[in-house]
1. Is it fair to say residue 351 is open to solvent by 60 Å² or more (accessible area, probe 1.4 Å), part of a helix (DSSP H, G or I) and of a type in the set (Val, Ile, Thr)?
2. I'd like to know if region 316-334 contains one or more residues that are surrounded by fewer than 23 Cβ atoms within 10 Å (Cβ to Cβ) and not in a helix (DSSP H, G or I).
3. Would you mind finding the one in 364, 418 that is at pLDDT 80 or above, surrounded by fewer than 17 Cβ atoms within 10 Å (Cβ to Cβ) and closer than 25 Å to residue 272 by Cα?
4. Filter region 53-95 down to residues that are of a type in the set (D, E, K, R) and open to solvent by less than 50 Å² (accessible area, probe 1.4 Å) and give me whichever is nearest to the chain's Cα centre (by Cα).
5. Being in a helix (DSSP H, G or I), open to solvent by 20 Å² or more (accessible area, probe 1.4 Å) and under 30 Å from residue 77 (Cβ atoms) narrows it down to one residue among 190, 152, 162, 179; which is it?
6. Are any of the residues in region 296-307 touching a Phe, Trp or Tyr at 6+ places or on another chain (Cβ under 7 Å), in a helix (DSSP H, G or I) and under 22 Å from residue 95 (Cα atoms)?
7. Kindly indicate which of 258, 238, 247 is in contact (Cβ under 8 Å) with a residue 40 or more places away in the chain and either farther than 27 Å from residue 99 by Cβ or buried (at least 16 other Cβ atoms within 10 Å of the Cβ) (or both).
8. Considering only residues that are within 19 Å of residue 265 (Cβ to Cβ) and of a type in the set (A, V, I, L, M), which ones fall in region 393-423?
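The values are calculated or read from the model by the stated rules, or taken from the named source; none is laboratory data. Quick caveat, the model's predicted, so the values are computed rather than measured. All Cβ positions, even for glycine, are placed from backbone atoms using ideal geometry, and neighbour counts span all protein chains on display. With ligands, DNA and RNA removed, areas are computed over all heavy atoms of the protein, side chains included. Shrake-Rupley method; radii C 1.70, N 1.55, O 1.52, S 1.80 Å.
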Amino acid sequence: MTASDQAPPPAGPAGGDSPDVPAQPAGRRRAPVRMTGRIVPTDSTHRVTTLELFFDLVFVFAFTQVTALVADDPTARGALRGLLLLAILWFAWMSYAWLGNQARADEGVLRAALIAAMMAMSAASLAVPEAWNDLPGGLDAPVVLALAIVVVRVEHLLVYAVAARGDAALLRQIVVAAVPVAVAAVLLVVGAFADGGTRTLIWLAALAVDYGGIFVTAGEGWRVHAPGYFSERHGLIVIVALGESVVALGAGAAAYPVSWAVLAMMALAIAVSATMWWLYFDVVALVAERILRRRTGAARSAMARDTYTYLHFLLVLGILTTALGIKKVAGYVADTTDHDLTDPVKGLAAVTLGLGPALYLIGVSSIRWRNVGKPNLPRLVVAVLLLAIIPALSRLPALAALGLVTVTMAGVTAFDDVRLAKARDVIRHHDGLAHLTPADLAEPVPQPRQEPGR
């Protein structure tokens, strides 16, 4: 166990007001601390800071800019470009989640680093809509986008190295990880100077180097000191993405007069978002965190990488894809100047209404698979069903299509809630994994074990 894994000593009579600040003997004043260089290591009790939540809001704005990009180019090419940008942005966000696990994000040099990264990411966000179609006048948007992301990634590695001082294995791991990051950064900048399809190919290569390189070079040097923090950090980005999607939907509908159709659309949209919350936070998020706590060393780091770094991307992608479809439906329902409400909804709206929830269901099932060794088959079956009914959605009126998706998502949520009722009760109300093994969780209705004497 490293020093940062141990619980910090409690504050004494003249000690610090934070559990992360060691106590000082009575009568002795603490020496002044240079905040620009201060690093406060995390421990197993560390939780997400408010600065990180603020940081997440900037990233989610960038995510919603990507959905706007796809909405303006509702083609396969536009979808590929949106997926590419979202994956690049996700890896940048995820890097700071690992950094916040190593040291407190709201103290010293990390505080300054996060604020600087937010500034760079705001520049990247503004450039996203022009990533392939730079408007005349002003700066070259693709170059601004590439350079801003490079700044965010390079700053992350530099600060991570500072936060890892004293941990030789982690420092070596950061140096190794810097190689694919550097290659990806060069490809991003080079791609920014290319045109059209060439830019897409070069940025795809950058993405492959980034994701694949980190996976291949992953070693025992990475640390997950605070599994509760790691789970909470990723859960919050899911919640923020859900919230931002609702805000974007409401803002779009607010531009038109309130009608019964608009109210019905909003109710259905909230219901879909609620099922997404339920399917993840009710049990899946709890099990993922508790199993992560039970792992140690390299096994914990590998599970954190697979469950959170990679598989949670499917959740965010599913949320944003669904939001894009609902936003299209909102415009279709609210503005009927050139069509009737009984006309079928077509194109991007129909595709994303089925694809978004399907991706989300695949994501939550895959997380369960990684954690307990068995996927949630009903959710995978419904995901396939949602993909299969996309042609049917394109023949239905907008409200009917959204209603069908809502009923489908509510149905699988209710089915699992009943089917796994006993396991759910144990997990949520009886200390969950204290009595359950991964083998138990893989069963449809696991029986809780009783402690001796209980």
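1. Answer is yes for this residue.
2. no
3. Within the list 364, 418, the selection yields 418.
4. 56
5. Exactly one of 190, 152, 162, 179 is in a helix (DSSP H, G or I), open to solvent by 20 Å² or more (accessible area, probe 1.4 Å) and under 30 Å from residue 77 (Cβ atoms), namely 190.
6. Taking every residue of region 296-307 in turn, at least one turns out to be touching a Phe, Trp or Tyr at 6+ places or on another chain (Cβ under 7 Å), in a helix (DSSP H, G or I) and under 22 Å from residue 95 (Cα atoms).
7. The match here is 238.
8. Across region 393-423, the qualifying residues are 393, 396, 398, 399, 400, 401, 402, 404, 405, 407, 409, 410.
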